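**Student:** Here's a structure for you.
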Amino acid sequence: IRDRAFPIKNELGKIVRVAGIAEDITEIQKIEQMKSEFIGIVSHELRTPLTSIRASLGLLQAGVYDKKPDKSKRMIEIAAIESDRLVRLVNDILDLERLESGRAVLEKTLCDATDLIQQAVAGVQAIAKQQNMTFDIHTTEAQVLAATDAIIQTLTNLLGNAIKFSPPDATITLSVQQQIDYVLFGISDQGRGIPADKLEAIFGRFQQVDASDSRAKGGTGLGLAICRSIIDQHGGQIWAESTVGVGSTFFFTLPKNREQEERITNDK
Ligand code: ADP
């Protein structure tokens, strides 16, 4: 707490009272510190692929591989992969910033939970097929009030991770269950699992179980932070449960569409 005191004097110049403004600077300082930490990490994350692109181009430019078409091709490949990574990073950073600053207005409409799951699965089907993975879908009829694109983005991120961290031939299970106050979504994988002490941390920005995870698997380290922000804005919750070596389940809830339920009861 920072106190700013103003002496209040009477006509004779004698201090009769002290007025004060107490400002919670610890909170402001914390936010400032988080901001500069974030900028530090972002700069590093952006600089790494840029340095690699510049190095590849430099070698090509200097003619080092002029007589080695295979090597030249490899340099171009590296530059292309790193450019894609930069695009993903910038998109994720902007998405997260828009969500956290409240500038992204999530327009919610009534939608069918199974439809959302099916759309997300369709989007990752091609990658899953390459690794011979299958989806097992268990859903019940459930309507949610949700921003369709944002929830599909959440499901796609979770499915992408389930695929990335599972061995080939694995099965990924998706479920939708009706609970008293909300609809519960679950995405289970048969991957390597997540240690208990990391289950909460991974929802933070650029947090990974192994320092090399994002880079090795082509992620950005922002996926789960984006998911959490989207689910927060729906008034839901998102968390993970896992057994190392067996697999992980990511759950999220969306509030039930009470309006519709009320309408159904009133119509009876
Ligand atoms: P990334 O782009 O690195 O995947 P995320 O925010 O989506 O970023 O995930 C953060 C980290 O959480 C990952 O790097 C990985 O260490 C861990 N993780 C996420 N999903 C899973 C999963 N299904 N199985 C095992 N580890 C996971």
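The values are calculated or read from the model by the stated rules, or taken from the named source; none is laboratory data. Predicted, not measured: the structure shown is a model, and the values here were computed from it. Every residue, glycine as well, gets a Cβ built from its backbone with ideal geometry; the counts of neighbours run over all protein chains shown. Heavy atoms of the whole protein, side chains included, go into the accessibility calculation; ligands, DNA and RNA do not. Shrake-Rupley method; radii C 1.70, N 1.55, O 1.52, S 1.80 Å.
Quick grid of which residues meet (1) touching a Cys at 6+ places or on another chain (Cβ under 7 Å); (2) loosely packed, with under 14 Cβ neighbours inside 10 Å; (3) within 24 Å of Gly223 (Cβ to Cβ):
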position	(1), (2), (3)
Gly40	no, yes, yes
Glu45	no, no, yes
Thr51	no, yes, yes
Leu60	no, no, no
Lys68	no, yes, no
Ser72	no, no, no
Glu77	no, yes, no
Ala80	no, yes, yes
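**Student:** May I ask you to say which residue of Ser214, Ser229 is at pLDDT below 85, within 21 Å of Leu159 (Cα to Cα), open to solvent by less than 20 Å² (accessible area, probe 1.4 Å) and within 16 Å of the ligand (Cβ to nearest atom)?
**Tutor:** On inspection, the qualifying residue turns out to be Ser214.
**Student:** So which pairs qualify, if the first residue must be in segment 206-227 and farther than 23 Å from Lys35 by Cα, the second must be near the ligand (Cβ under 6 Å from one of its atoms) and of a type outside the set (Ser, Thr, Tyr), the Cβ gap must be under 7 Å, and the two must be at least 6 apart or on different chains?
**Tutor:** Asp213/Gly219
**Student:** Right, next: Which one of these is assigned to a strand (DSSP E or B) and open to solvent by 60 Å² or more (accessible area, probe 1.4 Å): Ile137, Ile187?
**Tutor:** Ile137
**Student:** To continue, here is another question. Out of (1) among the β-branched types (Val, Ile, Thr); (2) open to solvent by 30 Å² or more (accessible area, probe 1.4 Å); (3) part of a loop (DSSP other than H, G, I, E, B), what's the single condition that is false for Thr173?
**Tutor:** (3)
**Student:** Okay, moving on. Can we say Gln208 is more than 15 Å from Thr249 (Cα to Cα), within 9 Å of the ligand (Cβ to nearest atom) and surrounded by fewer than 19 Cβ atoms within 10 Å (Cβ to Cβ)?
**Tutor:** Considered against the rule, which asks whether it is more than 15 Å from Thr249 (Cα to Cα), within 9 Å of the ligand (Cβ to nearest atom) and surrounded by fewer than 19 Cβ atoms within 10 Å (Cβ to Cβ), Gln208 comes out as yes.
**Student:** Among (1) more than 30 Å from Ile53 (Cα to Cα); (2) open to solvent by less than 60 Å² (accessible area, probe 1.4 Å), which single condition is Gln118 missing?
**Tutor:** Gln118 satisfies all of (1) more than 30 Å from Ile53 (Cα to Cα); (2) open to solvent by less than 60 Å² (accessible area, probe 1.4 Å) except (2).
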